[in-house]
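Asks: Here's a structure for you.
The values are calculated or read from the model by the stated rules, or taken from the named source; none is laboratory data. These numbers come from a predicted model, not from an experiment. A quick note on method: Cβ atoms are made from the backbone with ideal geometry, for glycine too, and the neighbour counts reach across all protein chains shown. With ligands, DNA and RNA removed, areas are computed over all heavy atoms of the protein, side chains included. Shrake-Rupley method; radii C 1.70, N 1.55, O 1.52, S 1.80 Å.
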Amino acid sequence: PGASAVCEVPLVVFDSPAACAGAAFSTWGGDRKGCAAYDSSDGALRLAWTNSVGAFGLGRAFDTAVTSALAATSGTVRHVRFTLSAAASSTQLHLRTVTDDGCYDQCVGLDPAAGVQTVVVRPGGHAQAKRAFNPHAIRRFLLSPAGGSGCVHVMSAALTIDTAVPPLPAP
């Protein structure tokens, strides 16, 4: 195998209402008390939930940036990097990677006392899918709380892509 050529691809900075447009919470249990909105106090996307299990879509700008970044590269996504602040949290947050084959969850390591932090998460993980994880089939990323209560401010997101790894052949 050749040498790795890793690059960072910025996706979106959640610093305006337009960058946060379309962010929303959908639930499959709990009290349905989750909301996503722009927070002007620190220029971030505020994700808040109470006794809910579900997932936050991070908005139209984020989804479009993910799709565009994946279409523009021939490499493999290695990590998703978020700059965020866990203002308060009594539960774990997961990165949910959605592909054509299903969903994959990976825990996001948050420290509620750390203030603003950079969190690097590898896509894939626990599968709710038909096949093994294929990084070339990523369609969407979601942030998913596992119940409890929490509030997280998301400032920015980026992909780490290894361009030395060729894509898989078409089926």
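Asks: Residues of region 69-83 being at pLDDT 90 or above and farther than 21 Å from H126 by Cβ, which ones?
Replies: The one that is at pLDDT 90 or above and farther than 21 Å from H126 by Cβ: T83.
Asks: Check whether at least one residue in region 112-125 is open to solvent by less than 60 Å² (accessible area, probe 1.4 Å) and of a type in the set (S, T, N, Q), and report yes or no.
Replies: Within region 112-125 (the criterion being open to solvent by less than 60 Å² (accessible area, probe 1.4 Å) and of a type in the set (S, T, N, Q)), the answer is yes, since at least one residue qualifies.
Asks: Something else: Does V108 satisfy being over 18 Å from G147 (Cα atoms), in contact with a His (Cβ under 9 Å, 6 or more places away or on another chain) and among the β-branched types (V, I, T)?
Replies: So V108 fails the test.
Asks: Here is a follow-up. Go through the residues of region 75-82 one by one and say whether even a single one is out of contact with any strand residue (DSSP E or B) (no Cβ under 6 Å at 6 or more places or on another chain), open to solvent by less than 70 Å² (accessible area, probe 1.4 Å) and among the aliphatic types (A, V, I, L, M).
Replies: Scanning region 75-82, I find no residue that is out of contact with any strand residue (DSSP E or B) (no Cβ under 6 Å at 6 or more places or on another chain), open to solvent by less than 70 Å² (accessible area, probe 1.4 Å) and among the aliphatic types (A, V, I, L, M), so the answer is no.
Asks: Which count do you get for residues in region 59-74 that are in contact with a Leu (Cβ under 8 Å, 6 or more places away or on another chain) and among the β-branched types (V, I, T)?
Replies: Within region 59-74, residues that are in contact with a Leu (Cβ under 8 Å, 6 or more places away or on another chain) and among the β-branched types (V, I, T) number 1.
Asks: Related question: Please specify each residue of region 91-110 satisfying the condition of being modelled with pLDDT of 85 or more and farther than 13 Å from R131 by Cα.
Replies: Listed by number, the residues that qualify are L93, H94, L95, R96, T97, D105, Q106, C107, V108.
Asks: Within region 111-125, does at least one residue satisfy the condition of being touching a strand residue (DSSP E or B) at 6+ places or on another chain (Cβ under 7 Å) and touching a residue at least 60 places away in the same chain (Cβ under 8 Å)?
Replies: no
Asks: What is the residue count in region 34-71 for residues that are closer than 13 Å to A146 by Cα and open to solvent by 40 Å² or more (accessible area, probe 1.4 Å)?
Replies: The total comes to 3.
Asks: So, in region 136-160, how many residues would count as being among the hydroxyl-bearing types (S, T, Y) and over 17 Å from P10 (Cα atoms)?
Replies: 2
Asks: Follow-up question, since we're still on this one. For residues that are hydroxyl-bearing (S, T, Y), open to solvent by 10 Å² or more (accessible area, probe 1.4 Å) and under 19 Å from H79 (Cβ atoms), scanning just region 128-171, find the one that is modelled with the highest pLDDT.
Replies: S156
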